[in-house]
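The values are calculated or read from the model by the stated rules, or taken from the named source; none is laboratory data. Since the structure is predicted, the reported quantities are computational estimates derived from the model, not experimental observations. Don't worry about glycine lacking a Cβ; one is built from the backbone with ideal geometry, like all the others, and counts go over all protein chains shown. For accessibility, only protein heavy atoms count, side chains too; no ligands or nucleic acids. Shrake-Rupley method; radii C 1.70, N 1.55, O 1.52, S 1.80 Å.
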Amino acid sequence: MSFTQYRVVLTGVLNPGVTQEQAIEAIAQLFNTQPERVSQAFTQAPIAIKKDVDLPTAQRIQNALSQSGVMVDIQTMEGEAVSSGQPQDVSIKGDQQTSKGSDELQRYDMPGLQFSIEGRPDYAFLTVQLPKNETLKVEASAMATMDTHIVMKTKIKGGLGRLLTSESLFINEFTAENGPGEIGIAPGTPGDLAHVHLNNETIYLQNSAFVASSSSVITETKWQGLAKGFFSGESLFLIRCSGNGDLWFNTYGGIIMLDVDGDYVVDTGNIVAFTEGLDYDITKVGGYKSLFFSGEGFVCRFKGKGKVWIQTRNVGAFLHWVEPFRPVESSSSDD
Amino acid sequence: MKADIKGGAAFGYLDLALEPGESVTTESDAMSSMAAELDMEPKVNGSLVSAFFRKFLGGETFFVSRFSNNTQETKRLTLVQPTPGEIRCVDLNQGSICLQPGAFLAATDGVTLGLKWAGLASFIGREGLFKLEVSGTGKLWYGAYGALLEREVDGELIVDTSHLVAYDPSMKLKVQLAGGIFSSFFGGEGLVTRVEGKGKVVIQSRSISGLTGWVNPKLY
């Protein structure tokens with residue numbers, strides 16, 4: 001699966017007009033380390049200054065350093081170059097006073113569809129470039145912009161299962177007819193977006209996390225079992241995504257990807273996605289006393305080896321916070 | 001006037017330093033803090049008649065507030081918008097921009113808020129019969145829910161009606177179905193706006209209908 005880890009490599013090259021002292025200062029500040037250690041690194045350049053990070057993190061470091069005039073390369077851990085030197089200027093400028101260049105994520109050389117994510121991490125927005133005759137599956141009512149020659153079709157996916165999830169029953173299919181097109185997708189929740197490229201692999205999504213996928217990804221609703229579903233506080237269903245292609249899912253709040261090897265406990269409301277092969281149980285954290293009084297309630301205990309994505313906010317907690325302030329008897333308008 | 005937009009994309013706010021003699025017009029209730037010496041007066045939003053139309057047909061408020069610095073020193077004023085989201089600034093130089101209802105936050109003197117007939121199509125798209133056209137010379141601040149993203153249009157672009165925030169006045173807006181009859185009503189997209197022409201549109205990366213669509217099924 002493309003959960004590739006990256007490293008940031010200090011090339012030793014500086015922008016014109018930037019002295020090595022300034023560069024050392026900037027790096028020391030960014031990594032919160034001694035300037036002496038940085039100047040030592042400079043003598044050994046090219047040298048990896050950050051290892052085992054994901055691509056957005058690596059790009060954030062690259063952006064931050066390029067503002068201080070320091071050029072760094074991003075490579076996979078195997079040494080394959082991803083981007084070098086000046087990062088792509090992907091910020092939206094024009095006459096606007098705010099630009100969010102460093103928040104943006106652009107993909108470089110991975111397989112699959114071309115896409116970009118803007119507005120991270122608070123209100124991430126996905127833009128996908130569709131080649132001619134390519135079809136993209138999108139969560140119902142998430143389309144925000146599209147080219148006029150993209151055609152929308154509504155499909156009922158997942159049969160009866162999706163009817164029972166609180167997620168909308170429909171997935172829309174957008175096809176770029178008569179030429180390539182661009183589509184912008186806005187998830188409903190405030191929060192971040194994650195992308196994975198499935199390579200004959202399977203990932204399970206919490207039922208409202210699905211945003212979009214290539215048409216080759218198979219999406220099915222999967223019954224969690226009554227006990228797991230009921231006690232998890234989430235839906236009784238998960239969405240099983242398998243096959244080959246791109247998959248995007250969203251979170252409420254920020255997103256954290258965890259490598260699980262062995263046992264790991266996640267609050268049920270914070271699970272977004274996990275890879276197949278992980279076994280999970282719904283358990284209580286401590287004894288019965290902590291179950292009722294600690295406020296932690298039930299948790300999900302993962303076993304095995306794989307990846308888990310968690311969100312930094314919990315919709316249940318949000319609803320608990322909002323609930324006392326909601327007017328009784330009012331019908332919520334959805335305008 | 002020194003003006004800074006702070007707070008990021010999530011909870012943007014506007015930090016203004018008014019020089020002696022300067023003033024700024026804001027959406028009513030936008031002031032979150034101010035130097036005690038600043039003078040605030042409610043103002044009818046344009047002429048009485050147009051203010052009336054703006055309120056009932058343009059989705060804006062009847063009154064706006066005007067903050068003036070009548071002291072001899074620089075005074076501070078902070079402004080906020082009701083929605084979580086980003087705030088942006090536009091320098092208008094004899095130019096104009098159309099804003100969706102509720103997007104206006106503040107403007108310097110020399111900028112006027114006008115109301116224009118938007119057409120029946122806009123009404124059907126639940127965006128009101130009139131549109132707010134801001135013109136003149138000066139600074140305009142506007143904001144919306146989510147991050148604000150710019151798209152250059154040359155030709156046509158379909159925008160979900162609830163995501164449109166601002167656009168060049170030269171652009172034509174048409175309302176149409178998102179897909180076929182079945183898709184449009186069951187696919188959750190419903191009516192969309194077709195933007196035609198050459199210019200810039202600004203969209204918000206979240207919409208209130210997206211938020212309610214996420215939260216409502218979870219509430220009992």
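Give me a count of the residues in the range A:138-149 that are assigned to a strand (DSSP E or B) and open to solvent by 10 Å² or more (accessible area, probe 1.4 Å). Selection size over the range A:138-149: 1. Every listed requirement among (1) farther than 30 Å from A:Y204 by Cα; (2) open to solvent by 40 Å² or more (accessible area, probe 1.4 Å) is met by A:G69 save one, (2).
Looking across A:K100, A:K153, one residue alone is open to solvent by 20 Å² or more (accessible area, probe 1.4 Å), at pLDDT below 90, touching a helix residue (DSSP H, G or I) at 6+ places or on another chain (Cβ under 7 Å) and at the interface with chain B (Cβ under 9 Å from one of its Cβ atoms). It is A:K153.
If you scan the range B:80-112, which residues turn out to be farther than 16 Å from B:V134 by Cβ and either more than 14 Å from every other protein chain (Cβ to nearest Cβ) or surrounded by 20 or more Cβ atoms within 10 Å (Cβ to Cβ) (or both)?
Residues of the range B:80-112 that are farther than 16 Å from B:V134 by Cβ, as a first pass: B:80, B:82-86.
Scanning the range B:80-112 gives B:V80, B:P82, B:G85, B:E86.
Looking only at residues in the range A:255-277 that are at pLDDT 90 or above and open to solvent by less than 20 Å² (accessible area, probe 1.4 Å), the one that is farthest from A:T127 (Cα to Cα) is A:V260. Selection over the range A:168-191 of residues that are at pLDDT 90 or above, part of a strand (DSSP E or B), open to solvent by 10 Å² or more (accessible area, probe 1.4 Å) and not charged (D, E, K, R) gives a count of 1. In the range A:12-22, is there at least one residue being buried (at least 18 other Cβ atoms within 10 Å of the Cβ) and over 29 Å from the mean Cα position of the chain (by Cα)? For the range A:12-22, residues buried (at least 18 other Cβ atoms within 10 Å of the Cβ) and over 29 Å from the mean Cα position of the chain (by Cα): absent.
Just one of (1) modelled with pLDDT of 75 or more; (2) within 14 Å of chain B (Cβ to nearest Cβ); (3) in contact with a Pro (Cβ under 7 Å, 6 or more places away or on another chain) fails for A:L105. It is (1). Scanning the range B:182-199 for residues that are buried (at least 17 other Cβ atoms within 10 Å of the Cβ) and modelled with pLDDT of 90 or more, we see that the one that is farthest from the chain's Cα centre (by Cα) is B:G197.
Residues are listed down the side, and each one gets a yes or a no for (1) assigned to a strand (DSSP E or B); (2) loosely packed, with under 15 Cβ neighbours inside 10 Å:
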{"residue": "B:A9", "(1), (2)": "no, no"}
{"residue": "B:D15", "(1), (2)": "yes, no"}
{"residue": "B:T26", "(1), (2)": "yes, no"}
{"residue": "B:D29", "(1), (2)": "no, yes"}
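Residues of the range A:19-46 being modelled with pLDDT under 75 and either of a type in the set (V, I, T) or assigned to a strand (DSSP E or B) (or both), which ones? Across the range A:19-46, the qualifying residues are A:T33, A:T43.
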